[in-house]
Amino acid sequence: MNKQMNYEKAITELEAIVDRMEQGSLDLDSLTAELKRAQSLIKLCRSRIKKTDDEIAKLLSDE
């Protein structure tokens, strides 16, 4: 996973994957690859959300 990818780019890419899946335009091999990519993007998004949540909680507790 590209460490430089930000949350917004990851969400945009996830939305594109979902669109392709909903259109049924993926063959079986592509579908598998797209699902693996989506899984990595979801993991990145969860990590970024958790990190941000932890930072906000720390800031609020310091006040």
Before we move on, is Arg37 basic (Lys, Arg), modelled with pLDDT of 95 or more and open to solvent by less than 100 Å² (accessible area, probe 1.4 Å)? yes
Scanning segment 14-29 for residues that are in contact with a helix residue (DSSP H, G or I) (Cβ under 8 Å, 6 or more places away or on another chain) and open to solvent by less than 50 Å² (accessible area, probe 1.4 Å), the one farthest from Thr52 (Cα to Cα) turns out to be Leu26
In the set Ile42, Ile11, the lone residue that is touching a Cys at 6+ places or on another chain (Cβ under 9 Å), at pLDDT 95 or above and in a helix (DSSP H, G or I) is Ile11
Scanning segment 42-63 residue by residue, those among the hydrophobic types (A, V, I, L, M, F, W, C) and exposed (fewer than 10 other Cβ atoms within 10 Å of the Cβ) turn out to be Leu59, Leu60
Filtering segment 27-39 down to residues that are farther than 20 Å from Gln4 by Cβ and either touching a residue at least 40 places away in the same chain (Cβ under 8 Å) or in a helix (DSSP H, G or I) (or both) yields Leu28, Asp29, Ser30, Leu31, Thr32, Ala33, Glu34, Leu35
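The values are calculated or read from the model by the stated rules, or taken from the named source; none is laboratory data. Predicted model, so just to flag it, every value in this text is computed and none were measured. Positions of Cβ are generated from backbone atoms using ideal geometry, with glycine treated the same way; all protein chains shown enter the neighbour counts. Surface accessibility is based on the protein's heavy atoms, side chains included, excluding ligands, DNA and RNA. Shrake-Rupley method; radii C 1.70, N 1.55, O 1.52, S 1.80 Å.
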